[in-house]
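The values are calculated or read from the model by the stated rules, or taken from the named source; none is laboratory data. Fair warning: this is a prediction, and the values are worked out from it, not measured in the lab. Heads up, the Cβs are rebuilt from the backbone with ideal geometry, glycines too, and the neighbour counts pull from every protein chain shown. What goes into the accessible areas is simple: the full protein's heavy atoms, side chains included, and nothing from ligands, DNA or RNA. Shrake-Rupley method; radii C 1.70, N 1.55, O 1.52, S 1.80 Å.
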Amino acid sequence: MDNKIIIAVDAMGGENSPKKIIDGIKLSLKESKENFFKLYGNKNQLNKLLNNMPEINDFCEIIHSENIVKDDESPLSAAKKSNRTSMWQSIESQKNGKSQITLSAGNTGALLILSRMILNMIDRVEKPALAGLWPNKIGMNVVLDLGANIECNDKNLIDFSYMGAALYKSLYPEIDPKIALLNIGLEEIKGHEEIKKAYQHLKDLKKDNFDFHGYIEGNHIMDGHVNVIVTDGFTGNIALKTAEGTANFIIKNLKESLSKNLLNKISLLFSYNVLKRFKDQLDPRKYNGAILLGLNGPVVKSHGATDAKGLAYSIKMCNKIVKGNLIEKIKNNLSN
């Protein structure tokens, strides 16, 4: 395990786990062998899977957990199960110095509550934020909050800006973060009082570690002029789900239209490579993995319904976050 990044994995969270988890680890190891995985879950199920994959055994350790957090379970119920669940133990491993980051595809609400209980918040941060990756024309955006907080005040939005900038710099160290607040217009008079106050603070602030570009509207999120987009969890979650639905609608209807008659099928043969690249760009598995920001340790939430490929992308994100010293960057942004 020398010099390896140690990832604690809630091996029982999400659909088709733990098989999906093991298959995702196998895919990730084909690309990089920098990680070591502490798998928290049912020992018998995990051993059965690993026995069929001897090539990844040297990169995994199984820690038995008696119970799991169900996908439909309330956060309160999950908390009452205490340290008997794979989710709790995977998060707690960071607190005990046994891992550097936690990955789970399980219940989002429970993961948020348990992470906050176990790891605690960074000083002066009032609320955690759920941040995710979102493609743009020239690269990638970090967007937050995606659903952790329905209501946010101006301080929360300012904190999200500092944390989002730190996350972006951790993932893409060669690019400077450019921040914008998601709003209903570009004019300073637009929006509610909380976003106006956050705008004024960020506008007047002289920061060396990010640039503030004012407001951005929803139809320009993917233009690439900014790369960190900040909003409250209610608006962010709706924007995310709308974008996912639109992408799925385009892919599905384009495929159906090109398969309707012989002429369309022939044209499909000539445009196959272009359409394949287009579909690949919109593949949600490539952007799988949301990060809980504001905690004294990094926690990554994989989509519960993703497959092994999506899980492998989340592992890649975990690797970048640890190597990019995310928590130190957040604390530095806040202290300055």
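Structural remarks
- Residue match in the stretch 101-108 (condition: modelled with pLDDT of 95 or more, more than 16 Å from the chain's Cα centre (by Cα) and buried (at least 23 other Cβ atoms within 10 Å of the Cβ)): no
- Flag for Lys203 being of a type in the set (Lys, Arg) and out of contact with any Phe, Trp or Tyr (no Cβ under 7 Å at 6 or more places or on another chain): no
- The single residue among Lys80, Lys19 that is out of contact with any strand residue (DSSP E or B) (no Cβ under 9 Å at 6 or more places or on another chain) and either small (Gly, Ala, Ser) or farther than 22 Å from Leu112 by Cβ (or both) turns out to be Lys19.
- Selection over the stretch 166-191 of residues that are part of a helix (DSSP H, G or I) and in contact with a Leu (Cβ under 7 Å, 6 or more places away or on another chain) gives a count of 3.
- Counting the residues of the stretch 32-43 that are within 16 Å of Asp71 (Cα to Cα) and either within 18 Å of the chain's Cα centre (by Cα) or not in a strand (DSSP E or B) (or both) gives 0.
- Candidates Leu46, Leu50, Leu29 - the one that is more than 24 Å from Ile118 (Cβ to Cβ), of a type in the set (A, V, I, L, M, F, W, C), over 24 Å from the mean Cα position of the chain (by Cα) and open to solvent by less than 60 Å² (accessible area, probe 1.4 Å): Leu50
- Extreme residue, farthest from Asn332 (Cα to Cα), among residues of the stretch 153-181 that are of a type in the set (Asp, Glu) and open to solvent by 40 Å² or more (accessible area, probe 1.4 Å): Asp154
- Helices (runs of 4 or more DSSP H) completely within the stretch 192-297 that count 1 or more residues being at pLDDT 90 or above: 193-204, 233-257
- Selected residue (criterion: surrounded by the most Cβ atoms within 10 Å (Cβ to Cβ)) from residues of the stretch 216-242 that are small (Gly, Ala, Ser) and closer than 26 Å to Asn153 by Cβ: Gly236
- Criterion violated by Arg124 - all others in (1) surrounded by 21 or more Cβ atoms within 10 Å (Cβ to Cβ); (2) touching a residue at least 40 places away in the same chain (Cβ under 8 Å); (3) of a type outside the set (Ser, Thr, Tyr) satisfied: (1)
- Residue among Ile138, Ile113, Ile91, Ile150 that is β-branched (Val, Ile, Thr), surrounded by fewer than 24 Cβ atoms within 10 Å (Cβ to Cβ) and in a helix (DSSP H, G or I): Ile113
- None of Lys316, Lys309, Lys331 is under 30 Å from His201 (Cα atoms) and open to solvent by 20 Å² or more (accessible area, probe 1.4 Å) except Lys331.
- Selection from the stretch 74-88 of residues that are surrounded by fewer than 19 Cβ atoms within 10 Å (Cβ to Cβ) and either hydrophobic (A, V, I, L, M, F, W, C) or in a loop (DSSP other than H, G, I, E, B) (or both): Ser74, Leu76, Ala79, Lys81
- Residues in the stretch 55-73 that are within 26 Å of Asp2 (Cβ to Cβ), out of contact with any helix residue (DSSP H, G or I) (no Cβ under 9 Å at 6 or more places or on another chain) and open to solvent by 90 Å² or more (accessible area, probe 1.4 Å): 1 in all.
- Qualifying residue in the stretch 20-40 (condition: closer than 20 Å to His303 by Cα, in contact (Cβ under 8 Å) with a residue 60 or more places away in the chain and of a type in the set (Val, Ile, Thr)): yes
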